Amino acid sequence: MFRNLLDDFLAPCDIQINGTRPHDLQVVDGRFYKEVLKRGSLGLGESFMRGWWISNDVEELLYRLIQANASDYFKRNPSIFWYYLKSKIFNLQNKTRSIDVALKHYNIGNELYQYMLGETMMYSCAYWKDAKNLEEAQEAKLDLICKKINLSPGQTVLDIGCGWGGFAKFASENYGVEVTGISISAEQVAFAKKWCKGLSAKFRLQDYRDLDEKFDRVVSIGMFEHVGYKNYAIFMKKVHECLKAEGLFLLHCIGGNETSTATDPWIHKYIFPNGLIPSPKQLTTAIEPYFTLEDWHNFGPDYELTLNAWQDNFKRCWNHLKNKYDKLFYRMWLYYLNVSAASFKARHNNVWQLVLSNKGMLPHYSSIR
């Protein structure tokens, strides 16, 4: 019975169970059927982690499911409904809960990220316009950001969610600016301090809500996905307070096509607890009281290329990591990278760079690509 129900569910996605095409789904353990029908995307991800199903092209399989909006079928499930209801009732990204993502994801070992991310240590979408490999694409992204906010020597720059210090290193070395980076991840801050020693860059373990300084420029690269819709206005107000009158703010983040209050249940449980991808409406509502929108650049398809490059690095270096992480982690991480790549391939998610100025303070801005 469960097999027949799942066959019918997958048919509109052109996915066959135990079919012969690379993207078809091969069932290894019969418990898979009930698990997916009962728990939706959470069951699909967990059953992959357990090895209950495989595919020769996991990204294509997941892309087809996302294209068909398959997850909508499960949103009336009582446990999944409660998950989405909690996101409406509670502030899941307040100062107490916001640390969860650092503990669950960013503090799990710098060595993993060094192998996966490559030389730039940038954990956000690269810019592949003229690049031949990941390092070139990440450096192109960093240079694009610096040019978009018109960096010049001696300026002070705030990096909200500084990661491992990749932007601070690039900007201080190539543009002669002084960067202050903040993060809620102790592992990231410790790495950044050591990596950028001797440069005009300093790093603090700090929540953005505790900032009280002025800067010539502000950037936030791949951090806004952890702010949460109940805090978007708070975030924008704080950036406005930190930005000098003639300053520029660049926001680099993943963006969704539709307004939501919670992320996918599997991503929430295993990868980014309490994360949320903003919609255009949510962003513009938060921006409107504080900034003039100078530029909005979307290069979402580049994230599929970036995620595939990360996956290649991860697989290639697994022998160096498997003494620290088990096979369950390996399959979890592969699923994370594949489902993320599939979401960008399907244009379900985008990558945005917004350039914002204080209202009425900038006479003219020229967009750069």
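The figures follow:
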{"read-out": "Candidate set from the stretch 1-34 (those that are within 28 Å of the chain's Cα centre (by Cα) and assigned to a loop (DSSP other than H, G, I, E, B)); member that is surrounded by the fewest Cβ atoms within 10 Å (Cβ to Cβ)", "value": "P22"}
{"read-out": "Matching residues, the stretch 299-334, being touching a residue at least 12 places away in the same chain (Cβ under 8 Å), out of contact with any strand residue (DSSP E or B) (no Cβ under 7 Å at 6 or more places or on another chain) and not in a helix (DSSP H, G or I)", "value": "C317, K324, Y325"}
{"read-out": "Residue check for K194: in the same structural domain as E119 (by TED's automatic domain parsing), over 21 Å from the mean Cα position of the chain (by Cα), without any contact (Cβ under 8 Å) to a residue 24 or more places away in the chain and assigned to a helix (DSSP H, G or I)", "value": "yes"}
{"read-out": "Residue within the stretch 35-44 that is outside any helix (DSSP H, G or I) and on the phi > 0 side of the Ramachandran plot present", "value": "no"}
{"read-out": "Scan of the stretch 11-35 for residues that are within 17 Å of V58 (Cα to Cα), in contact (Cβ under 8 Å) with a residue 24 or more places away in the chain and touching a Leu at 6+ places or on another chain (Cβ under 8 Å), ordered by number", "value": "C13, I15, H23, D24, L25"}
{"read-out": "Pairs, first more than 30 Å from E59 (Cα to Cα) and without any contact (Cβ under 8 Å) to a residue 40 or more places away in the chain in the stretch 347-369, second surrounded by 12 or more Cβ atoms within 10 Å (Cβ to Cβ) and basic (K, R), C-beta under 8 Å, six or more apart", "value": "none"}
{"read-out": "All positions within the stretch 271-298 that are without any contact (Cβ under 8 Å) to a residue 60 or more places away in the chain and either over 22 Å from the mean Cα position of the chain (by Cα) or within 18 Å of Y115 (Cα to Cα) (or both)", "value": "E288, P289"}
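The values are calculated or read from the model by the stated rules, or taken from the named source; none is laboratory data. None of these values were measured; they are calculated from a predicted model. Virtual Cβ from ideal backbone geometry, glycine too; neighbours counted across all protein chains shown.
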